[in-house]
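Just below is one structure, and these are the notes that go with it.
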Amino acid sequence: MVSNAALAALAVPARFALLNHLLAAGPRTASQCAEVIGETPSNCSWHLRALAKVGLVEPAPEKSADGRTRPWRATAVGFDFSGEPGPAGAIARNALAVMSAEYGDDLYRRYLARQELLPEEWTEVSGTSSYSLELTPDELRALADALDQLIRPYVRSIRDDAPAGSAVVHVSLRAFLNPDAQEPQP
């Protein structure tokens, strides 16, 4: 369970992007992060320190040759949107879920825009699927747990046996009650 302070810290778009980048790319300096997320190195450094205060990132053990630049790494392997109960926790979880959806959508748009520049072997196997499932809440929980168990061994930050030729691939799955297929509640 993530604290409300951590959820609130992630509600800042630059911090959410920083943590996502560290999860995908591994340890990076503030300057390296700045090139990817579109912030200045000083802003990235400030946001990384804010993420460290809530335990989401930490300085990486490796230091640069000159000792002036410091790489940071994520302390988690992904996101868990559960948090402390109550209205503040619900607001923070909702803000984080919205940001996660927007981040995923933006990342996919960037992929589509650059698709012709990427190796064909990767674009041929990339894709998207959409399903309308009819499930009970218990079945949805079981399905989500089964998918997590299937995917977890491949998570970049915990996989130590990645073969040569592997690359970081973004996978997202959104499972929610379709609000447009529900009868209005009185």
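The values are calculated or read from the model by the stated rules, or taken from the named source; none is laboratory data. Worth saying up front: this structure is predicted, and the values here are computed from it rather than measured. Cβ: placed from backbone, ideal geometry, glycine included. Neighbour counts: every protein chain shown. Side chains are part of the model used for accessible areas, which takes the heavy atoms of the whole protein and leaves out ligands, DNA and RNA. Shrake-Rupley method; radii C 1.70, N 1.55, O 1.52, S 1.80 Å.
For segment 170-186, filtered to residues that are without any contact (Cβ under 8 Å) to a residue 24 or more places away in the chain and within 18 Å of residue 128 (Cα to Cα), the residue that is surrounded by the most Cβ atoms within 10 Å (Cβ to Cβ) is 171. Taking each residue of segment 138-149 that is within 17 Å of residue 172 (Cβ to Cβ) and looking for partners that are of a type outside the set (D, E, K, R) and open to solvent by less than 90 Å² (accessible area, probe 1.4 Å) with beta-carbon atoms closer than 8 Å, six or more apart or interchain, yields 140/175; 143/135; 143/175; 144/175. Every test in (1) exposed (fewer than 12 other Cβ atoms within 10 Å of the Cβ); (2) in a loop (DSSP other than H, G, I, E, B) is passed by residue 150 save one, and that test is (2). Restricted to segment 1-53, and to residues there that are assigned to a loop (DSSP other than H, G, I, E, B) and within 17 Å of residue 73 (Cα to Cα), the residue that is most open to solvent (accessible area, probe 1.4 Å) is 27.
Which one of these is of a type in the set (D, E, K, R) and in contact with a Phe, Trp or Tyr (Cβ under 7 Å, 6 or more places away or on another chain): 93, 109, 114, 141? Show your work before the answer.
On the way: 109 fails: in contact with a Phe, Trp or Tyr (Cβ under 7 Å, 6 or more places away or on another chain); 114 fails: in contact with a Phe, Trp or Tyr (Cβ under 7 Å, 6 or more places away or on another chain); 141 fails: in contact with a Phe, Trp or Tyr (Cβ under 7 Å, 6 or more places away or on another chain).
None of the others qualify; the one that does is 93.
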